[in-house]
Every structure is written in C-alpha cells, then in structure tokens.
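Working notes for the structure below.
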Amino acid sequence: MKNQIESLQKEIDDFRINDNQTLEKYRIEFLSKNGKVQKLFDDFKSVSIDQKREIGQKLNLLKTVSENKYNESKEAIIKTTSNIGIEVPDFSLPEIPNEDGTIHPLSQVLEKIIKIFSGIGYDLSDGPEIEDDWHNFTALNFPPNHPAREMQDSFFINKNPDILLRTHTSNAQVRIMESGKMPIRIISPGRVYRNEVISARAHCLFHQVEGLYINKNVSFKELKDTIYYFVKAMFGDNTKVRFRPSFFPFTEPSAEVDISCLICHGKGCNVCKYSGWVEIMGCGMVDTQVLENCNINPNEFSGFAFGMGLERITMLHYQIKDLRLFFENDVRFLRQFQNQNI
Ligand code: DAH
C-alpha cells in the first residue's frame with residue numbers, strides 16, 4: 001500500500017496542468033469519485049489494524065497535496081486567461097463607449113411623410129432611377145424639344161434610344177398607371193438627378209416624393225383637401241396654405257402650393273424672401289393626354305398628382321440653410337439630429 005501511495009504521489013507530481021482541458025483531465029483521473037486517490041481510500045479498508053494509522057496519515061497527506069495542486073492550478077489558469085479577457089470578464093474595467101448612429105434628417109422627414117400619407121390610404125410605389133425617355137418625358141406630355149430634355153439639364157446615359165438618370169419621380173406615375181390596376185393611390189419617394197451647378201440652393205442629386213390618385217370622379221377639391229391635410233399634419237395646424245396657378249406639361253389645371261413661412265410666420269424674412277410664403281410642391285389634375293398615354297380612359301377615370309422636394313421640406317422643418325450639408329456626411333451636422341422625434 002505504501003508503494004502504491006508513493007507511486008501515485010509521483011504520478012500526481014509529474015502530471016502537467018497547462019489549461020482547462022488538462023485541469024479537468026487531472027480532476028477526473030485523480031480526484032473524482034472513481035479517481036485514483038479515492039481508489040486507494042477504498043483499498044484502505046483492507047489494511048491491517050496495526051498499519052492503519054501510518055498509512056491513513058500518508059493517504060490523507062496525498063489527498064491534501066493532490067487537491068492543493070488542483071486548486072492552485074485552477075487559480076493560475078484563471079489569472080492568465082482573464083488577462084487576455086477570454087474566460088472571466090473584468091467588471092472593474094471602464095465601459096466601452098457605445099456611440100449610437102443617427103437617422104439622417106432626410107430619412108426622418110421622409111418617414112414622417114410616409115406615415116402621414118399611409119394614414120389616409122396611400123401605398124408606397126417605386127420607380128427606377130435609370131429611366132427611358134418615354135417614362136421620364138414623352139408619356140408625361142413633354143413636347144419633343146422641351147428644354148428639360150437637353151443635355152444641360154439631364155444626365156443621359158445613352159442617346160438613341162435615350163436613357164437617362166430620371167429628372168423627377170413623376171416617372172413612377174407613368175409606370176404605375178401603365179400597370180392598369182385601378183384605383184391608384186400611391187406616393188413614390190426617391191432620388192432624382194439634374195445637371196445643375198451645385199450651390200446652397202441647388203444640387204445635381206436630390207430627392208422628391210411623388211403622389212398620385214386615380215379613380216372615378218376625382219375632383220380638384222379632393223386634391224386641395226389632401227394637400228391641406230398633409231400640410232397641417234407635417235407642419236402644424238397653424239400653417240396656412242395657398243394655391244397659385246402654374247404650369248406642368250402633365251397636369252391641367254396645375255398649381256404650386258405655398259405655405260406660410262415657418263420661420264417668420266408670415267412677417268417676412270430672408271428664407272421666404274420677405275414674402276411671408278414658401279413654395280413646397282407642384283400639383284394638378286392629371287392631364288387627359290397623360291391618362292391616354294398610359295392606356296387609361298379619361299372619360300372613365302380622372303385623378304390628381306403632386307410632387308415635392310424632400311430637401312426643401314426638410315430645410316424648412318429644421319431651418320437648414322445649405323442644401324449641400326445633406327450630402328457631405330459631416331458627423332458634426334448629422335449628430336444634431338440625434339433623438340429627434342418629429
Ligand atoms: N415633376 C415636377 C418637378 O420635378 C414636380 C411635380 C409637379 C410633380 C406637379 C407632380 C405634379 O406630380 O403634379 O418639378
């Protein structure tokens with residue numbers, strides 16, 4: 001028995017514990033219920049009475065030494081691994097700053113516009129940014145030599161057949177009308193492109209939101225009511241609205257919509273150019289020629305359309321004076337729109 005204790009002691013001494021796996025292997029081999037130390041304790045029963053005292057002491061010592069080795073190794077492993085942050089998190093470390101991103105002001109305002117219109121039954125519809133002449137111009141009643149078709153206004157990708165970056169979201173009108181499902185009640189937000197000199201008020205890339213409602217017996221009054229509803233929901237109940245007669249090739253009659261200046265409330269300032277009013281969108285009854293171009297019978301259906309610039313609405317909403325800020329991705333600008341709940 002003494003020999004067995006000695007050889008097990010040697011075995012324990014020689015066992016190398018380097019990591020959690022070898023630690024566990026050690027525990028199972030020596031300290032577990034079926035381990036080698038316990039096995040000797042089981043055999044201890046058969047030791048003769050006169051040897052029990054001496055052997056018992058040796059056995060107890062072996063048990064203590066083997067358990068100490070286990071505990072010390074375990075602690076050493078925890079120390080080395082926690083230094084590199086794998087096993088045990090160090091809760092005393094300072095927190096890692098969690099910087100939240102912000103939603104771009106244009107996206108915030110667009111979300112609000114979508115919410116307002118979806119609340120009165122408008123669906124979302126999409127149109128391509130790369131468009132052909134028919135959907136961007138011809139179907140919308142632009143005469144063949146209209147200046148908007150010229151190279152200086154549009155970015156053409158191909159000439160003959162003409163393919164261009166859409167100059168407005170009105171192409172979405174044509175595409176949805178051509179699909180032939182009635183009635184139509186959609187808004188279509190998206191990017192548009194124009195060959196403009198970039199300044200505080202103009203950019204070659206900006207966003208519009210197009211609206212279209214086609215049904216039987218749609219009247220101009222419904223158009224006005226819809227715009228009134230939108231303006232009040234977007235800018236507040238006290239905002240005044242006025243319609244000015246205007247011209248677009250694809251609507252007849254056409255109007256431009258002004259709202260009372262949000263900054264000076266009608267008194268006059270440099271944003272409203274001292275008129276007390278700012279323009280926010282174009283609109284009108286869809287021209288019968290446009291309906292026909294899209295295979296809709298103008299004797300059966302009528303409708304209205306409107307189109308607004310998202311940057312313009314956002315600039316008014318947040319009183320931003322330079323359009324270029326939207327596209328520069330300067331975090332000092334973008335951070336100001338954190339936690340906005342518009
Ligand atoms: N497409 C026009 C533009 O880019 C905006 C517009 C005006 C859209 C009147 C419409 C509308 O749907 O009815 O300036």
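Numerical summary
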| read-out | value |
| --- | --- |
| The stretch 2-82, relative contact order in percent, only Cα pairs under 8 angstrom and at least six apart counted | 36 |
| Other-chain or far-sequence residues with amide H under 5 Å of His207's (modelled H) | Val192, Leu310, Glu311 |
| Acute angle (nearest 10 degrees) that the helix 220-235 long axis makes with the longest principal axis of the chain, alpha-carbon atoms | 40 |
| Relative intensity, log₁₀ I(q)/I(0), of the stretch 2-82 from a Debye sum that treats every alpha carbon as a point, q = 0.18, 0.24 Å⁻¹ | -0.73, -1.12 |
| Debye, to nearest 20: dipole size of the chain, +1 on Lys, Arg Cβ, -1 on Asp, Glu Cβ | 940 |
| Acute angle (nearest 10 degrees) that the helix 105-118 long axis makes with the longest principal axis of the chain, alpha-carbon atoms | 70 |
| Bins of 5 Å, starting at 0 and running to the largest distance - Cα pair percent for the stretch 130-193 | 4, 17, 28, 25, 14, 8, 4, 0 |
| Packing-based order for 170-181, 306-317, 27-38, using average beta carbon neighbours within 10 Å, highest first | 306-317, 170-181, 27-38 |
| Three-way shape label, the stretch 142-277, alpha-carbon gyration tensor, a/c 1.5 | oblate |
| Around Arg335: net Lys/Arg minus Asp/Glu count, Cβ-Cβ under 15 Å | -3 |
| The chain - percent relative contact order, Cα under 8 Å, separation 6 or more | 15 |
| Crossing angle, helix 49-83 versus the chain [Cα axis fit, 0-90 degrees, rounded to tens] | 20 |
| Cβ-derived FRET efficiency at R0 30 Å, Lys52 paired with Ala76, nearest 0.05 | 0.25 |
| Fraction of accessible area attributable to carbon and sulfur, the chain (%, probe 1.4 Å) | 50 |
| Gyration tensor verdict on the stretch 105-337 (Cα atoms; rounded if a/c is under 1.5, prolate if a/b is larger than b/c, oblate otherwise) | oblate |
| Sites matching chymotrypsin sites (Phe, Trp or Tyr not before Pro) across the stretch 51-129 that sit in DSSP coil, with at most 16 neighbouring C-beta atoms within 10 Å | Phe91 |
| DSSP bridge pairs, the chain: antiparallel proportion in percent, nearest 5 | 95 |
| Spatially proximal lysines relative to Lys25 (Cα-Cα < 20 Å; intrachain offsets below 8 disregarded) | Lys10, Lys33, Lys36, Lys39, Lys63, Lys69, Lys74, Lys79 |
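The values are calculated or read from the model by the stated rules, or taken from the named source; none is laboratory data. Treat the numbers as computed from the prediction; the structure is a model and nothing was measured. Reconstructed Cβ throughout: ideal geometry from the backbone, glycine too, with neighbour counts over all protein chains shown. Areas reflect the complete protein model, heavy atoms only, side chains present, ligands, DNA and RNA absent. Shrake-Rupley method; radii C 1.70, N 1.55, O 1.52, S 1.80 Å.
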